[in-house]
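Heads up, the thing below is written out as structure tokens.
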């Protein structure tokens, strides 16, 4: 038996073990002062249910840094429906809001999940929903409940029912195994998209969250693949001599911007995924790379060193002249638009520190959000509230997230090995809500 | 079970590393260690090609020759002190028209990964141009950039970075 075969056997043994628990552990390192107290009562259930919905919701809300869920031992009562709630109890505890719910088996592996959110001081229901779900979808239901609670109480959409794509590297330095993974935004349900003995880079989500484009060295050259996340089926979309990298889906999902150096040096191209027509957008002796689409699809921002050091430039998504848009810091690269298009996140280098900065598109104002010296690969949460990025100072590469206002910070640590480049998915698939219901 | 498989994995990784390292002659210098980087692969696509490894053949003009050239920060210019290394490789290739070399460009870890890929490509192209100028045929040279993905040294300071901004000459990689 060859060592290679042996390794594959060992790896296949290891993989299922890894996904039984959270692959990524997410810790709040800095929260908002005065996070909103909320009581989340364990949901009522008559039969055993495979997931603890209330615990998942509490963990989601705590992770956001904006809520302080009451520890379970401090709960005064265990109501499961409005009729069982004594608001006076909860007022005495000083919690502003209360979540109760119930799970009922309605068939083999089928559940009905019902929850209500109350304003404790007004003694009134704020919202209530009922879902039906298979056992496999209960975590998704929990994240969707977190989204509803978050939006009801903060006025902004939640981004809990989303996923993260990320690249890991593990094993000895000279024989690393690279892997592209997708996990729920809380680090659970990790799924291996690709495993390779050669580097994998630059994962990018399709706007509908069903496909990932990435750069793989698996054939000892750079190639761009587009892979369907649920089926695993993939298409090789670029395999030209030289660089094939930096894939970025257009907002309509039909085109892929990328960097190719087949014509001599790195230039930005756009590939029509259906017709395979390839259009070259830049013509410059400098390095042009890392295209990112404005949310309306009309503009591309990219990294270029045409002025000496790398800076960000903006041009029409049909090509033409490019305008430099970054002027602070001696290095600006890897620009990425916020979901609503009013900000641009980037890696900003000043001397030998490289940090994540955001630039307001209208005013040009720049704010540096991170505080270490090797921060890279920014990616916005689909609600624009947080930026996920990679940081690489210690023995292990880690991911971190910071809120746009800089007040909430999280670290995302892999159980073992390095985690690098991560990309936050667009909003997730919504399960059908059967009905909303209100207090009689 | 989990602990056992992990230990087995670590043991196998060690065997794999040792197995590959032993293929490369020990020259004592840092540059010799670097080439072990290119030997470690279980994907089977890099087998010894035409001509084998000239570094380990005492009759080759490249025996004990430097196989890596280094670059300054954000620079793609080959330094004067590395020009004799380039010339030695050019002479060898020009005299062995059946031999091919892969120029693997690398960057240090600072900044963005894709920009570093572009920088690594520019460095390998700079070496390629010098080889062409010294009479090597274009079809003997291929280039690939790994950017910051395969550092020779894993530290996070200039002590490591200076060894990571480099182009490696890899023979028989086709």
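Per-residue mean of foreign Cβ neighbours for A:168-177 is 6 (Cβ atoms of other chains, 10 Å radius). Report note on the peptides B:123-132, A:318-327: ranked by the mean count of other C-beta atoms within 10 Å, highest first, their order is B:123-132, A:318-327. The residue A:196 and residue A:106 beta-carbon pair, evaluated with R₀ = 35 Å, returns a calculated FRET efficiency of approximately 0.20. What shape does the stretch B:50-138 have by the C-alpha gyration tensor, where a ≥ b ≥ c are the square roots of the eigenvalues, rounded means a/c under 1.5, and otherwise prolate means a/b greater than b/c and oblate the rest? The shape class here is prolate. Extension gain for residue A:125 to residue A:309 (0.36 nm times residue separation, less C-alpha to C-alpha distance): 60.6 nm. For the peptide A:388-400, the mean number of other protein chain Cβ atoms found within 10 angstrom of a residue's Cβ is 1. Using the Cβ-Cβ distance between residue A:189 and residue B:75 with R0 = 56 Å, the FRET efficiency computed as 1/(1 + (r/R0)^6) comes to roughly 0.80. Averaged over residues, the count of other Cβ atoms within 10 Å places the peptides A:136-142, A:91-97 in the sequence A:136-142, A:91-97, highest first. Against the main long axis of the alpha-carbon atoms of chain A, helix A:138-154 sits at an angle near 90°. What shape does the stretch A:299-376 have by the C-alpha gyration tensor, where a ≥ b ≥ c are the square roots of the eigenvalues, rounded means a/c under 1.5, and otherwise prolate means a/b greater than b/c and oblate the rest? Because a/c hits 1.5 or more and a/b fails to exceed b/c, the stretch A:299-376 counts as oblate. Once both labels are positioned 7 Å from their Cα atoms along Cα-to-Cβ, the gap between residue A:135 and residue A:172 label points is 4.2 nm. Modelled this way, with points 7 Å down the Cα-to-C-beta line, the labels at residue A:362 and residue A:93 are 4.2 nm from one another. Counting Cβ atoms of other protein chains within 10 Å of each Cβ in A:283-295 and taking the mean gives 2. Peptide packing: for A:79-89, B:60-70, the average count of neighbouring Cβ atoms within 10 Å per residue gives the ranking B:60-70, A:79-89, highest mean first.
Taken as Cα centroids, the stretch B:138-174 and the stretch A:261-320 sit 26 Å apart, rounded to the nearest whole angstrom.
In chain A, the calculated helix contribution to ellipticity at 222 nm averages -3500 deg cm²/dmol per residue, counting -39,500 (n - 2.57) for every DSSP H run with n ≥ 4.
Every number in this text was worked out from the coordinates using simple rules, so none of it is lab data. Keep in mind that what you see is a predicted model, and the values were worked out from it rather than measured. All Cβ positions, glycine included, derive from the backbone under ideal geometry; neighbour counts span all protein chains shown.
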